[in-house]
Each structure stands twice: as structure tokens, then as C-alpha cells.
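The structure appears below as C-alpha cells.
Computed from the coordinates by the stated procedures, all read-outs in this text should not be read as laboratory data. Since this is a predicted model, take the numbers as computed values, not measurements. Every residue, glycine among them, receives a Cβ derived from its backbone with ideal geometry; neighbour counts consider all protein chains shown.
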Amino acid sequence: MNDLIEKLAAALGREAVLLGSDAEPYAIDWRRRYFGRALAVLRPANTDQVSQAVRLCAEAGAAVVPQGGNTGLCGGATPDASGNQVIVNLSRMNRVRSIDGINNTITVEAGCTLAQVQQAARDAGRLFPLSLAAEGTAQIGGNLSTNAGGTAVLRYGNTRELVLGLEVVLADGQVWNGLRGLRKDNTGYDLKHLFVGAEGTLGIITAAVLKTFPLPRARVAAIVALGEARAALPLLSLMQERLGSGLTAFELFSDLCLGLVLKHFPGSVAPFSVRHPQYVLIELSDMASEASASDALESALGAALEAGLIRDAAVSRSLAQFNAMWALRDNVSEAQAKEGPNIKHDVTIPISRMADFMKDAEADLVQAHPGVRLVVFGHVGDGNLHFNVSPPEGIDPARFLAGIEDINRIVHDCVARFDGSISAEHGLGQYKREEIKRYKSLLELEMMRAVKRALDPRGLMNPGKVL
């Protein structure tokens, strides 16, 4: 493989080829659950260099692992331990190529962070609505490769709904230029959707044309107290009826979630003087004014209070209050990490069945593992729950994590009973690669393998992930 390293250095520049200890940080996933070893880490500066690198790797029979901000939760951007795989890290490819305000599009390279894309759109008077906790480090190529969801799916859809065109380096190094900002193109298979959500197993996304939207004139948030999680479902229906398309986010989190944030993030303040079993964070975006948005949200919440759906509500009166409310929800995941090891589940359930799923899954877990603590939060507006399991108080975390397969099976089997999916927005990576075989039909798996064989017949693109 020394010959390959020399060819890569000649094509990309020696400073763009990291070896040995310089490569080690790139071979560990964000949660430090997967520890790989790379032959080299490449940091190409443009699409042509990606193309050259992939072509050289293909000629040498070396597998390629595409990598963005490395913030994934399923080990999808981590090489194996063989030391024979090449990581292609796209961080240097971070240019905003163009913004078209009339067409409402922004064309960006895959190494742009999500926050950078959001800011570039905002500077042009536009909104790029994809939003998630890791947006400061997560890169748009990774968002596309995992079909990221986040907090605004209710109004704007997943990443798949936000992409119009892609530029992709294929497994043999050829470049497919599909950077077309068209909303209608009925000329055969919509090839871009093969690569969105494929986790780099079919090719490397190097650039994308993304949808933008007019900037809302106002964004108002409210935290609502509930007596039980089940009450969130009729509340969602009422908010949709009263607020229409302005309803941007509808996020559920439990009092246990709130308690972890208050414990691990000093300065956080509980939204009410009395604690409640469950909370919902609601965001309304308005094209008229903040006063209009506040009036509409308060009127809708008044109707919910009158109908007995909620216990209490607090509406943001300033940007600082708006951000503080969102921080209570956004910091749940990190607060749980600070609390100690936990077992994460990213599942989606038909919205109408979410409360029954939560009840059944909790009962199944408590019966098998008495004392477990459920840290449940998520995007109820689109059926996505982060159904995380923490060990009982006083239990050795390592001993608890040894039972991860049993806990995963309990949760995932319950998901299947409710016609759900074991991955809503985090992907499969290597974490759920084997698990998915239990829940997808043989026909579905074979159709996926057929696509893989057609675009990557030698299996060199991110092997060991998804399939």
C-alpha cells in the first residue's frame, strides 16, 4: 500500500494525506464506541481531488470511508480495524458556491457545516431550515448521507425534502454532476435520492443544491406542561388546526429529561415553579410580526387549556427567552451523556400510536430490567422519539452496557409491533447493520443489495455499513 500512499500524496499534496498518529483522531467515532485504524486520512480541497483519490483507491483495491464532521451516532464514518481503509474527510471542501434568491436555492460543498449553510442563507435574506443540536460541527454532506431530520421536520421535512441536486463521486472515481436546482424533472429515475440516506455506501456526495425559504419575520416558542405523554397527541392535532403551516416544531421531553438539564447545565431555569410529568416545546414561525405570532400561539394555547389538554404554558417574550426554552430541549442529549453511559434508540412510530408504544416499551423494559431510567424525548410532530435507556441508580454502567443487545431487542421488537422503524434520523452505520436484518424483509434487503452491486460492484465504498 506504500505505492498508493505515494500516488495519493502526488495527487492531493503531501499535506493533505495524514498518516500514523495524525490519522488516529479521525478513526474514532464521536461517542467513542468504535475505534478503527485507517491506512490514511485524505483531506481533498475540491471535487477533482476527491475523484482522483477514489480512482486511485479503486485501482489499488482499497476501501474508502467518506467522512464529514464525524458527529454521527452509529459508527457510519469510522473505518474498521484492519488499517487498510482510506478515510476521505471533506472538511476542506467548505465553499458556498452560489445563492439564488429568486430560485430559493443555495449551492454548497459537502464540507460546509450546517451552521455555515444556515448563516449564508440568512445573510442572503433566506432560511435554510434544517436544524439539529450538532449543527456547529455536523457537515452538510453527512446530513445528506444520513437524511438528517432535526427539529423542523414538521414544517419543512427531512433533508431529503430539502435537496434538489447533488454532485457525487462514484465508486470508480467518475463525477456525476446532478447540480440542478429544479423542482420538476420527470426524466426517469430521480438518482439523487439513491445517495441521500445511503451513508456513503454508493458514492461520495461533494456538493448539493438545497432549498431555501423566505425568512420568517417572527419566531415564538412556548413550553407547555402535560400530565402525561398521551396528552401530546390531541394537543398536536389542536395546534395544527389552529396554527396551520406556521407550526414549525413540536418537541416532547419528560421531567427526567428536564431534571438532567437542570443538573448538568448551570444557569438553566425550570419553566414553571411546579414540576410536571411531561413537557412540549412548541415553535410558531410567522411571516407577519412577532405580535401576530404571539397572539396566534396564545390563542391556541388558551383553547388547549380550556379543553383540559394542558396544565400550564409559558410563551417566550424575547429572543433570550426563546433561546432559553430551546436550550432546555436541545441540551437533553448532552446532559444524559454527562450523567453517564446510556443506550440510545432513534425510532419512529406512526404518530397516532406513539403513546401506546411508549407505555408498552416501558413496561417491557422494566419487567426485564427493573429500575432502568427512560430518558425519552423527540420530535413528536413527525413520530420520531429518542427512546434512551439509562442504568438504574447505583448499578455499574459497564455491567449495564453489557446487556445492550437484550435492551435493543426489547425496544426494537416493540417498535416493529407498532409498525415503526428502528432508525428515524441517525442511520444504520455499523451499529444497526445486523439488527436491520431482523426487521426488513428479504426482498427489501435484496433490492438494496442490487442497488449496491450496480453502483459499487467491488464493495469499496464504506464497506460494513448499512448492509
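Below are the figures for this structure:
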read-out	value
DSSP-assigned coil residues among GluC sites (Glu not before Pro) in the range 210-279, each with at most 16 further Cβ atoms within 10 Å	Glu228
Total formal charge among the other residues, if their Cβ is under 11 angstrom from that of Ala288, Lys/Arg +1 and Asp/Glu -1	-2
DSSP-loop trypsin sites (Lys or Arg not before Pro) across the range 314-351, with at most 13 other Cβ within 10 angstrom	Arg317
In the range 408-437, the trypsin sites (Lys or Arg not before Pro) that fall in loop regions by DSSP, at most 14 other Cβ within 10 Å	none
Alpha-carbon centroids, the range 162-221 and the range 97-119: separation in whole Å	12 Å
Protection proxy ranking of 255-266, 198-209 - average other beta-carbon atoms within 10 Å, highest first	198-209, 255-266
Which labelled figure in [x] 142; [y] 152; [z] 189 is volume of the Cα convex hull per residue in Å³, once derived from the coordinates	[y]
Pairs of Lys in the chain closer than 18 Å at Cα, counting only those 8 or more apart or on different chains	15
Helical mean residue ellipticity (222 nm; -39500 (n - 2.57) per DSSP H run of 4+; nearest 500) of the chain	-10000 deg cm²/dmol
